[in-house]
Amino acid sequence: MIKSVLPRERTPQSATPSITVEPEKITPNAMEPLGFARYIAWVTLLLVLLLSCLLSTYLGNTARTTLMAKQKEFSALLAENLNHQIYRRFTLPTILGFGRIALRQTAVYERLDNVVQSTIHGLHVEHLRIFGHDQVITYSTITDELGKDELAHPSITAASASSDDAPIFDIDSAVPYWKAFFSFSLDPGAFILRTTYPLRMENRLTSSEDEGPLMGVLEFTRDITPDMLTAIRFQQLIVVVTLMSSGLMVILLLLFIRRAERVISTRMAEERRLQVELLQHEKLAGMGRVIASIAHEIRNPLGIIRSSAELLLKRSTSSQDTGTTRILQAIFDEARRLSQTVSDFLDYARPRQIKQVQVNLSGVISQALAFLEPEFASRKIHAEYSDLTNAQALVLGDTDMLYRAFYNIMSNAIQAMKNTGILRITLASAPATGETPTLRIVFHDSGDGFAAETLPHILDPFFTTKDDGTGLGLPIVSSIITSHGGSLTLENAPTGGALVIVTLPAQMSSSLLTL
Ligand code: ADP
């Protein structure tokens, strides 16, 4: 099991048990900080849709009108040509030959039919009829209609009454245009262009500008469904393309808004959490300051109690009064323990002003080792220390604090090994974390190691397994190391014994600062 303390990391152990900090619940409103932008996106979509509908209607109508104009122009030319062909190749020769036109005679009718069929051949004329003066059908491509007078369209009357030879156009549609717009295909004959044209005798022989006498009214139909279908397809294409592009645009906009909202919401939640945490820390810091000032007040009278008990103890030892000696010994021991606890607590709780100087770690460790030498010797503990050259062991920090941290670790190791053992200390350059090179100090003792059940609590302030322990040694170490931007790892070595690993950011400068 490994216990690590990284810089600025909040371990569960260090949290005050009585205070629970929960992330503030985020209201839906806070989740949608860009609600207005979302609203704008939808309004934009509606506007784009409306505009695209208007645009497609306009473009579609323009295309349809252009196609229709072409069709009408063609039909007008055809009507004019039919008039010319009928007059020149049928009316004139028949009148000259027979004196009159009798369409009831098969030969005459066939002659007219021949002229008409040869003129309209290949020009996609569906149906052609010629009405006489009394609106009776005198010629038709459907022979069953001959002689009927009830099939005349109102435009026949209009054409026969017209003084000029302008054709009249009508569109007969089997389906309304809006329905045709939504259909995938159209049956042939869905849109028919009907042209009505007054058949007149030509006056060119007389070079007169006047219209010739009316011979009858010509009516023919042409299927314009393919052209209409082209116009509809074009209009459909415009609608689909504008719908798709505007839909895509809005989807992208919404995705962007959603992503931005998520980022903003996360930041807002984080900001709130930090605010709550800050408040909590401020409260705790306030409490800490009060307790620290109480501890400070206790320390001086406690020092007097301890030294007085020590003095009295020395005197009573010589007086052979064992009962009093025992009591004085107990007062002295407790006062000393309490005094140690108060000092440790003040070290732990007091805000630290870290000096930022170049510290030679090698020297600091050697100094702590030298100070503890008598203790090593009395317990028959052997200390092995492999270090680096002074220039390689530089860190930026506070010499006294780092000394205190290493002292606590070594002191714990001595206590853990009881009598006899080996403490191996290694100071080495560690693989760089990112840009910064680091130094790694490993303390490996030959004691029993950390008990598995106590390891999770080992960094809790006041947690101790010792009768005379304060439980503040490792929390002080942890606080010092993390405040230097380093990390602390506590674990058991596979070969036995406790491993305390400290890493600190190394200083690149080669200039040494004396300790
Ligand atoms: P204290 O030394 O006053 O008990 P610490 O915070 O220094 O307080 O240590 C907390 C506990 O961690 C100790 O009581 C001990 O159980 C355990 N501990 C610390 N160092 C070692 C070690 N080198 N080997 C085994 N256990 C240790």
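The values are calculated or read from the model by the stated rules, or taken from the named source; none is laboratory data. All of these numbers come straight from a predicted model, not from anything done at the bench. We place every Cβ from the backbone using ideal geometry, glycine too, and count neighbours over all the protein chains shown.
If only residues of the stretch 445-457 that are more than 9 Å from the ligand (Cβ to nearest atom) and either within 22 Å of ASP344 (Cβ to Cβ) or in contact (Cβ under 8 Å) with a residue 40 or more places away in the chain (or both) are counted, the one that is surrounded by the most Cβ atoms within 10 Å (Cβ to Cβ) is SER446. For the stretch 370-427, residues that are among the hydroxyl-bearing types (Ser, Thr, Tyr), within 59 Å of the chain's Cα centre (by Cα) and over 21 Å from SER479 (Cα atoms) total 4.
Listed here are the residues, each with its yes/no results for (1) more than 60 Å from the chain's Cα centre (by Cα); (2) surrounded by fewer than 17 Cβ atoms within 10 Å (Cβ to Cβ); (3) at pLDDT 90 or above.
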position: LYS70; (1), (2), (3): no, yes, yes
position: SER75; (1), (2), (3): yes, no, yes
position: ASN81; (1), (2), (3): yes, yes, yes
position: GLN85; (1), (2), (3): yes, yes, yes
position: PHE90; (1), (2), (3): yes, no, yes
position: LEU96; (1), (2), (3): yes, yes, no
position: GLY99; (1), (2), (3): yes, yes, no
position: ARG111; (1), (2), (3): yes, no, yes
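For VAL125, are the conditions met, namely being modelled with pLDDT of 85 or more and in contact with a Lys or Arg (Cβ under 7 Å, 6 or more places away or on another chain)? Yes: the conditions hold for VAL125.
Yes or no, residue by residue, for (1) touching a residue at least 24 places away in the same chain (Cβ under 8 Å); (2) assigned to a loop (DSSP other than H, G, I, E, B); (3) touching a Cys at 6+ places or on another chain (Cβ under 7 Å); (4) surrounded by 10 or more Cβ atoms within 10 Å (Cβ to Cβ):
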position: LYS148; (1), (2), (3), (4): no, yes, no, yes
position: LEU151; (1), (2), (3), (4): no, yes, no, yes
position: ILE156; (1), (2), (3), (4): yes, no, no, yes
position: SER163; (1), (2), (3), (4): yes, yes, no, no
position: ASP170; (1), (2), (3), (4): yes, no, no, yes
position: TRP178; (1), (2), (3), (4): no, no, no, no
position: PHE184; (1), (2), (3), (4): no, yes, no, no
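Condition check: of a type in the set (A, V, I, L, M) and under 19 Å from PRO188 (Cα atoms). Does ILE130 satisfy that? When the stated conditions are applied, ILE130 does not pass them. Just so you know, in the stretch 187-232 the residues that are among the polar types (S, T, N, Q) and modelled with pLDDT under 85 include one that is surrounded by the most Cβ atoms within 10 Å (Cβ to Cβ), and it is ASN203. Report whether or not SER118 is buried (at least 17 other Cβ atoms within 10 Å of the Cβ) and either in contact with a Gly (Cβ under 7 Å, 6 or more places away or on another chain) or not acidic (Asp, Glu) (or both). Spelling it out, it is not the case that SER118 is buried (at least 17 other Cβ atoms within 10 Å of the Cβ) and either in contact with a Gly (Cβ under 7 Å, 6 or more places away or on another chain) or not acidic (Asp, Glu) (or both). You will find that of LEU396, LEU472, LEU427, the residue that is surrounded by 15 or more Cβ atoms within 10 Å (Cβ to Cβ), more than 14 Å from the ligand (Cβ to nearest atom) and closer than 26 Å to PRO374 by Cβ is LEU427 and no other.
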